[in-house]
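These notes are about the structure you will find just below.
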Amino acid sequence: MIDVVFLLLIYFMVATEFKTAEESFPMDLPLRDYRQTIQLDSEPLVIFVESAGDKKSDLRIRLDGPWDTVSSIEELVLFLQSNKAGRFGASGLFTETHPILIRPTKETRWGHTIAAYNAAVRAKYVNITLDEPS
Amino acid sequence: MARRGNPSSAINANMTPMIDVTFLLIVFFVVVSQIVDRDAVSMDLPAPSQAVAGIPDNQSGVVVNIVPLEHGDVAGIVVAGHTIAWDSMHELSDIVETRLRGGATEVHLRADRTTKYLYVHQVIEAIRAAGLNPRLQLVIEGEQP
């Protein structure tokens, strides 16, 4: 009997694969009605994301508007945090619900897109949307 | 000099503790092997630094996997045990809609970190076309303990 028990043990040890830990960002998917034109309360902040290579740091970020150049994810987080109303004094331009539009190119890697999305979440914005590829 | 005791009795190791431990190990592996998520296709999920994400609720969601190929291209989509070819995107909308009507409230989108956004966006639009305003969960790699 002990032989069979050992065989079972080896089988389960080999067959078991542990599930890796996963997390997720929630995003609402409202239905689009192209017959209606939605008037936004404020102009969204558009963040262009482009991949220049495979590595985490190989992404190019550009902000649409008269903003300083942002060259990394950390700088993007700092920019979003420092321009947030109610934080760092009264100089904030964007409220927490200000629409943030992340616009990757067709070739942008998903990892880089998610990195930009995470930057906006880290800065505690709640109205973040992934736009059509540019 | 004569040996004491009964010469016919052999010395046996006590196997009971080892069998106990072995049974415990078997029970452990039997239990653990049940929690493997069979909906998830193996891939390198995005792992942004200092991620501020939540833990997805796998019970209430339908998992949509974008199966990666090399150079950011995709082989197809795996959802709820069905493999869908890339040019049959309407099937994805149908399956997601069926699952949402069956009680699911969320759609978990799993894509490889190298997959081009062009493909991910098409899948998001197909999920949106299923209607019923589901909540999309963009799945990333969790922090390693």
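Taking the condition of being of a type in the set (Val, Ile, Thr), more than 13 Å from B:Val64 (Cα to Cα) and at the interface with another protein chain (Cβ under 7 Å from one of its Cβ atoms), how many residues in segment B:88-124 meet it?
The qualifying residues number 2.
For residues that are part of a strand (DSSP E or B), aliphatic (A, V, I, L, M) and in contact with an Asp or Glu (Cβ under 7 Å, 6 or more places away or on another chain), scanning just segment A:36-59, find the one that is modelled with the highest pLDDT. Selected residue: A:Val46.
For segment B:72-84, the condition of being assigned to a loop (DSSP other than H, G, I, E, B) and within 28 Å of A:Tyr11 (Cα to Cα) holds for at least one residue.
If you scan segment A:95-121, which residues turn out to be part of a loop (DSSP other than H, G, I, E, B) and small (Gly, Ala, Ser)?
Within segment A:95-121, none qualify.
Considered as a group, the residues in segment A:104-127 that are over 14 Å from A:Leu76 (Cα atoms) and surrounded by fewer than 22 Cβ atoms within 10 Å (Cβ to Cβ) include one that is farthest from the other protein chains (Cβ to nearest Cβ), and that residue is A:Asn127. The residue list B:Ala75, B:Ala47, B:Ala80, B:Ala13 contains one member that is at pLDDT 80 or above and surrounded by fewer than 12 Cβ atoms within 10 Å (Cβ to Cβ), which is B:Ala13. Filtering segment A:17-35 to residues that are modelled with pLDDT under 75 and among the hydroxyl-bearing types (Ser, Thr, Tyr) leaves A:Thr20, A:Tyr34. Inside segment B:41-69, can you point out the residues that are outside any strand (DSSP E or B), within 7 Å of chain A (Cβ to nearest Cβ) and of a type in the set (Gly, Ala, Ser)? The answer is B:Ala51, B:Ala53.
Selection within segment A:3-17: residues that are aliphatic (A, V, I, L, M) and within 7 Å of chain B (Cβ to nearest Cβ). The member of this set that is surrounded by the fewest Cβ atoms within 10 Å (Cβ to Cβ) is A:Ala15.
Scanning segment B:125-135 for residues that are surrounded by 21 or more Cβ atoms within 10 Å (Cβ to Cβ) and within 7 Å of another protein chain (Cβ to nearest Cβ) yields B:Ile127, B:Pro134.
The values are calculated or read from the model by the stated rules, or taken from the named source; none is laboratory data. Model, not experiment: these values are computed from the prediction. Neighbour counts run over all protein chains shown; Cβ positions are idealised from the backbone, glycine included.
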